[in-house]
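The values are calculated or read from the model by the stated rules, or taken from the named source; none is laboratory data. What you are looking at is a predicted structure, and each value in this text was computed from that prediction instead of being measured. Here Cβ is always computed from backbone atoms with ideal geometry, including for glycine, and neighbour counts include all displayed protein chains.
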Amino acid sequence: MSTSLADLVHAAASGAPGTVRHAARLMSILSDAPHRLPEVFHAAQADPVSAERLSLPKLLVGITGAPGSGKSTLTDALVREYRRRQPDGRLGVVAVDPSSPFTGGAVLGDRVRMMRHATDPNVFVRSMASRGHLGGLALGVKGVIRVMGLVGCDVVLVETVGVGQSEVEVAGVADLVLIVLAPGLGDSIQLLKAGLMEIGDLFVVNKADRPDAARLHGELLAMLRTTREGDGGHHGADGVEDEAAGDLAPWLSRRPGTLIDPRTYLVSGEHGQGIGALVDDLESLTAEYGSRWQAQRLESIEQEVRDAVVEEASRRLRETLQAPGAGRLIAQDVLRGRVSVDEAATDLLTATARPST
């Protein structure tokens, strides 16, 4: 007997034996069919426990940065520190890896880096392939995050692909965006070109044990320097407030909806240097803004439903356009000037629409 999606939702939220198995099945469904996310919302709202967890996690951190900056190593270090501090808490990790443009496969290497947590029942790690989706996230990430909430994860870390200038989609998903930088990946001008400076809340210079790390941290502070706030919030690897730190340069715009001034850190994910100070700030921000983030997460349900509808409509349009028959005729008619692109779009919508019964 097959288990319905509603049954999986209730089982994942119940905490009963088999929760991990039910949650994994639910994540797989939403990864393959993101348009089914509204069904999860509908099922959850019919159950008090599931409905209460729809607003979880309390903290959702997007971790992004250029390939090679040490995002996976830093994520692993954050998981280790959170588990040390909260032995009974649940924590989720969503790791998105790039897909091959030729085979569509992905290495999913973050599973290898996080093997130390494989037997930890309170750590949920989900690796996903981007499947060619730009923006650094896979289409099913929002659904997977919701499932992490259903199983009671208070903190979820979302590590993105690391695609550089197109890696901005995480800003619309996470409560806080953590930008990972590392020495040897470019100068201060390259930081601006990367397009990541405007979406970041926390800027982490990783690999602090390397000679150029302190210089990169100094360049970052100079870029963010302006009138100093009373409580600052900029820290070095020892957690001591940096006297040279400022907040935000006037010429650097900020993403809409951000609640905090940018903060900088010098850490080493591999050796654990500065990780404690970083988690101290994450816990402090969660205590201050966690309820607002959860409220915003509940408010975003309608937008996620709209996104799911658009995604399903887009999928059907692509299928119709790529079909040997109708899709080819539409393209030929446009090339021969028989119809305009606007008219062809109308024909495509008509051909895709289901016949009324």
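Observations on the structure shown:
- Criterion applied to ALA51, ALA23, ALA95, ALA6 was being of a type in the set (A, V, I, L, M, F, W, C), more than 30 Å from LEU202 (Cα to Cα) and surrounded by 17 or more Cβ atoms within 10 Å (Cβ to Cβ), and the one residue passing it is ALA23.
- Filter result (surrounded by fewer than 23 Cβ atoms within 10 Å (Cβ to Cβ) and polar (S, T, N, Q)) within region 54-79: SER55, SER72, THR73
- Filter pass, LEU317 being touching a residue at least 60 places away in the same chain (Cβ under 8 Å) and either aliphatic (A, V, I, L, M) or assigned by TED's automatic domain parsing to the domain that holds GLY70 (or both): no
- Any chance PRO34 is in the same structural domain as VAL147 (by TED's automatic domain parsing) and either at pLDDT 90 or above or out of contact with any Lys or Arg (no Cβ under 6 Å at 6 or more places or on another chain) (or both): no
- When we screen ARG228, ARG297, ARG306, ARG292 for residues that are basic (Lys, Arg), farther than 16 Å from ASP175 by Cα and modelled with pLDDT of 85 or more, the only hit is ARG306.
- For region 327-342, the condition of being closer than 17 Å to VAL144 by Cα and out of contact with any strand residue (DSSP E or B) (no Cβ under 6 Å at 6 or more places or on another chain) holds for none of the residues.
- Within region 30-57, the residues that satisfy the criterion of being free of Cβ contacts under 8 Å to residues at least 60 places away in the same chain, among the hydrophobic types (A, V, I, L, M, F, W, C) and touching a helix residue (DSSP H, G or I) at 6+ places or on another chain (Cβ under 7 Å) are ALA43, VAL49, ALA51.
- Failed item in (1) under 27 Å from LEU150 (Cβ atoms); (2) in the same structural domain as ALA213 (by TED's automatic domain parsing), with GLY276 passing the rest: (1)
- Condition check for ALA106: part of a strand (DSSP E or B), modelled with pLDDT under 90 and in the same structural domain as GLY269 (by TED's automatic domain parsing): no
- Of the residues VAL151, VAL112, VAL155, the single one that is modelled with pLDDT of 55 or more and under 14 Å from the mean Cα position of the chain (by Cα) is VAL155.
- Which numbered condition LEU285 fails, given (1) surrounded by fewer than 17 Cβ atoms within 10 Å (Cβ to Cβ); (2) of a type outside the set (Lys, Arg); (3) outside any loop (DSSP other than H, G, I, E, B): (1)
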